[in-house]
2 protein chains.
Amino acid sequence: MVTNGDRTGKTAPPGNRRGDLFDPACPTRRLLDRIGGKWTSMLVKTLADVDGEVRFSELQRRARGISRKMLAQTLRDLEADGLVARHVEPTVPPAVRYSLTPLGRSLVVPLDALRDWAETHMPTVDAHRAAGAGS
Amino acid sequence: MVTNGDRTGKTAPPGNRRGDLFDPACPTRRLLDRIGGKWTSMLVKTLADVDGEVRFSELQRRARGISRKMLAQTLRDLEADGLVARHVEPTVPPAVRYSLTPLGRSLVVPLDALRDWAETHMPTVDAHRAAGAGS
DNA sequence: CCGAATCCAAATTGATACTG
DNA sequence: CAGTATCAATTTGGATTCGG
């Protein structure tokens, strides 16, 4: 593990804070804040699933339970991050399509690792909670 | 409840198609809800770092910024999940030590994948936000 | 059809103080 | 030392409504 705390005491350049998880500027912490959002990772995965452009309304159809507000908000956030591309068709009525950027697609890899762990181990977690519930 | 209640065996269909992410019962969604918590993943990684037993107060020292309340709460949650083991020494004053269970250690793997992505790509994300900030 | 703005309810978090 | 209880502030998500 890279856990040597060789901090110089001065502000380190971005990308060099590997051992400093509790620093709010730590990239890992910021990433977790982001994908920890209720809809972010679901949207990324949905976009990865279709592997192409999706319209706003179809996205909302696929993401059952999401409100227009949260869909738009999450999408704007993802776009600002460079994870999602937004393409506006200048028609009437307007047609807007979203897709994953290469950067966004690269995020799917670690997200899949997480999904893999969840599929494998969450039943164990559930069993543990059920067993120790009354403790 | 899920209609797919077959938890005793492998239910993954052929290909990549797995559980419905938008189902609140989906394990991946539940895992993300959990590690999306502000302190959960930080604590798991801290415990993985020491690779042994840690006392409550030392944990609080390492996890700069966490309050006793949140530390205790997150720890209790992790323990109920079977990710963390709690060992009480019946002395006066009491000494309690925490450690990662094997299950908890296994979670470190996908968490590290996430960290890896963050270290590599968050600077790009930042650059993108900075570039398109004023829009 | 897309999405921004407003208002509001609910879940999280934190500061502080108290207990065994 | 290792928690727990209570209260308040902040954040988050959702319903509705209005505009392009």
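The values are calculated or read from the model by the stated rules, or taken from the named source; none is laboratory data. This one's a predicted model, so the numbers in the text were calculated from it and none came from an experiment. Here Cβ is always computed from backbone atoms with ideal geometry, including for glycine, and neighbour counts include all displayed protein chains.
The figures follow:
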quantity: Which numbered condition B:Leu47 misses (of (1) at pLDDT below 95; (2) more than 11 Å from DNA strand D (Cβ to nearest atom); (3) closer than 18 Å to A:Leu21 by Cα; (4) more than 9 Å from chain A (Cβ to nearest Cβ)); calculated: (1)
quantity: Test set (1) facing chain B (nearest Cβ under 7 Å); (2) away from DNA strand D (no atom under 16 Å from the Cβ); (3) touching a Gly at 6+ places or on another chain (Cβ under 8 Å); (4) hydrophobic (A, V, I, L, M, F, W, C) - A:Ala80 fails condition number; calculated: (2)
quantity: B:Val96 vs. criteria more than 19 Å from the chain's Cα centre (by Cα), surrounded by 13 or more Cβ atoms within 10 Å (Cβ to Cβ) and within 14 Å of DNA strand C (Cβ to nearest atom); calculated: yes
quantity: Unmet criterion (only one of (1) touching a residue at least 60 places away in the same chain (Cβ under 8 Å); (2) over 30 Å from A:Arg64 (Cβ atoms); (3) at the interface with chain A (Cβ under 8 Å from one of its Cβ atoms)) for B:Ile35; calculated: (2)
quantity: Residue list for the stretch A:48-85, filter: closer than 14 Å to A:Val96 by Cα and either in contact (Cβ under 8 Å) with a residue 24 or more places away in the chain or not assigned by TED's automatic domain parsing to the domain that holds A:Leu100 (or both); calculated: A:Gly52, A:Glu53, A:Val54, A:Arg55, A:Phe56, A:Leu59, A:Leu71, A:Leu75, A:Val84
quantity: Count of the stretch B:49-80 residues which are touching a strand residue (DSSP E or B) at 6+ places or on another chain (Cβ under 6 Å) and within 20 Å of B:Pro110 (Cβ to Cβ); calculated: 1
quantity: Positions within the stretch A:75-93 being more than 10 Å from DNA strand C (Cβ to nearest atom) and either among the polar types (S, T, N, Q) or touching a helix residue (DSSP H, G or I) at 6+ places or on another chain (Cβ under 6 Å) (or both), in sequence order; calculated: A:Ala80, A:Asp81, A:Gly82, A:Leu83, A:Val84
quantity: Residues (at the interface with chain B (Cβ under 7 Å from one of its Cβ atoms) and among the small types (Gly, Ala, Ser)) located in the stretch A:103-132; calculated: A:Ser106, A:Ala113, A:Ala118, A:Gly132
quantity: Residue selected from the stretch B:54-89 under the condition over 18 Å from the mean Cα position of the chain (by Cα) and among the acidic types (Asp, Glu), by the criterion nearest to A:Ala130 (Cα to Cα); calculated: B:Glu89
quantity: Test: residue in the stretch B:121-129 that is β-branched (Val, Ile, Thr) and in contact (Cβ under 8 Å) with a residue 24 or more places away in the chain; calculated: no
